[in-house]
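Step one of this worksheet: look at the structure below.
The values are calculated or read from the model by the stated rules, or taken from the named source; none is laboratory data. Being a predicted model, the structure only gives us computed values, none of them experimental. Quick reminder, even Gly has a Cβ in these numbers, built from the backbone with ideal geometry, and neighbours come from all protein chains shown. Accessible surface areas use protein heavy atoms only, side chains included; no ligands, DNA or RNA. Shrake-Rupley method; radii C 1.70, N 1.55, O 1.52, S 1.80 Å.
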Amino acid sequence: MKKKFLFFFYFALSLFLIIGGNEARQTKADFLSKTIFSPFVNSVNYIQSLFEVKQKNRLLSEQLAIQTKKIVNLENTIQEINNSKIEYDVENYSYVLADVVGFSGIYFERNLIVNKGILNDVLRNSPVVSNKGVVGKVITSSMNYSIILPLNNPAFKLSVMSKRNKLQGILESDIYGDSYMNLIKLGSDIAVGDTIITSNVSTIFPKGYPVGVITRLKESPDQVYMSAKLRPFVDPASLDQVIILQFTKDLKYENELKIN
């Protein structure tokens, strides 16, 4: 019975829509869409608007991802420029900017692994700095990677001096990562607050690169020398990029002295 009713209803509705001219049929169709079929039409329009919103959201998400990638690349470029800006006065040397990609060794003795090697002219014993000061030296170099021994590693030693009066000493660190300027003759003119820089005696570093500031003086048990505890300008563990200097010191004097 219900099916027959629906059949006659739709048959009558079809006849109602067919009868008359084009303008009349259009008027009747508009009337039905605004009355009987209004819920259906509204549902169709709503679903269509949802699809359109979804499409717009997809396009906006793609554009946002592209812009985010551009911003990240720009921030990385700015960071590289800032990392390569040395904040102290030294001679200009060629250098390689390398990313720190890992660590090797135990805690307080962690060596830095960087993503530049022999293919980038990074060689063993190359001095390593940051825009703040001395970081360490290259101890191993492969084709694409290198390992850096940081200044707070007990195996690292460096000839240093006071910037104020050129007093010489040796930079060394203990197993806890604390750095000291050692072999200072007792009674020497050195004080808390003095800035320590690399010495011309160093066979690896050029002179004048900042190392740290003296925070405490301590006499050695033999009462011949004293040591000065330093606060280094650089914490190697907090670096994401380093500057590897392409510097080799002229050591011809060693051969000449041996000959003489």
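Would you work out which of N165, I118, N182 lies farthest towards the positive end of the dipole of the range 110-260? Charges go on Cβ: Lys and Arg +1, Asp and Glu -1.
Farthest towards the positive end: N165.
Quick check for me: using +1 on Lys/Arg Cβ and -1 on Asp/Glu Cβ, what's the dipole size of the range 71-137 about its Cα centre, in debye to the nearest 20? If you can, show how the numbers build up before the last one.
Values: 6 positive and 8 negative charges, 50 e Å.
Computed charge dipole of the range 71-137: roughly 240 debye.
Solvent-accessible area of Y225, probe 1.4 Å, all protein chains present, reported in Å² to the nearest ten, please.
The accessible area of Y225 comes to roughly 90 Å².
For the range 80-162, what is the accessible area per residue in Å², given a 1.4 Å probe and the full set of protein chains? Could you put the intermediate results ahead of the total?
Numbers: 4150 Å² over 83 residues.
Heavy-atom accessible area per residue stands at 50 Å².
Among the GluC sites (Glu not before Pro) within the range 87-191, which fall in a DSSP loop and have no more than 12 other Cβ atoms within 10 Å of their own Cβ? Mind showing how you got there, number by number?
On the way: sites: E87, E91, E109, E172; in loops: E87, E91, E109.
Passing both the DSSP loop test and the Cβ count: E87, E91.
Give K69/K137; K163/K249; K70/K137 a once-over and call out the pairs whose C-alpha atoms are over 27 Å from each other.
Table pairs above 27 Å Cα-Cα are K69/K137; K70/K137.
Peptides 195-208, 126-139, 54-67: what's the order by average Cβ count within 10 Å, highest mean first? Don't skip to the answer; put the middle values down first.
On the way: 195-208: 18.7, 126-139: 22.5, 54-67: 10.0.
Result, highest mean Cβ count within 10 Å first: 126-139, 195-208, 54-67.
Quick one: ranking R124, R110 by accessible area, 1.4 Å probe, largest first, what do you get?
Descending accessible area places them as R124, R110.
Explain nothing, just the number: dipole magnitude of the range 62-175 about its Cα centre with +1 on each Lys and Arg Cβ and -1 on each Asp and Glu Cβ, in debye rounded to the nearest 20. List each step's numbers first, then the result.
Details: 12 positive and 11 negative charges, 52 e Å.
That gives a dipole near 240 debye.
Can you send over the solvent-accessible area of T140, 1.4 Å probe, protein chains only, in Å² to the nearest 10?
Surface open to solvent at T140 totals about 70 Å².
Given H placed 1.01 Å from N in the peptide plane, which residues other than close sequence neighbours of V160 have an amide H under 5 Å from its amide H?
Amide H neighbours of V160, under 5 Å, 5+ apart: G169, I170, L171, S199.
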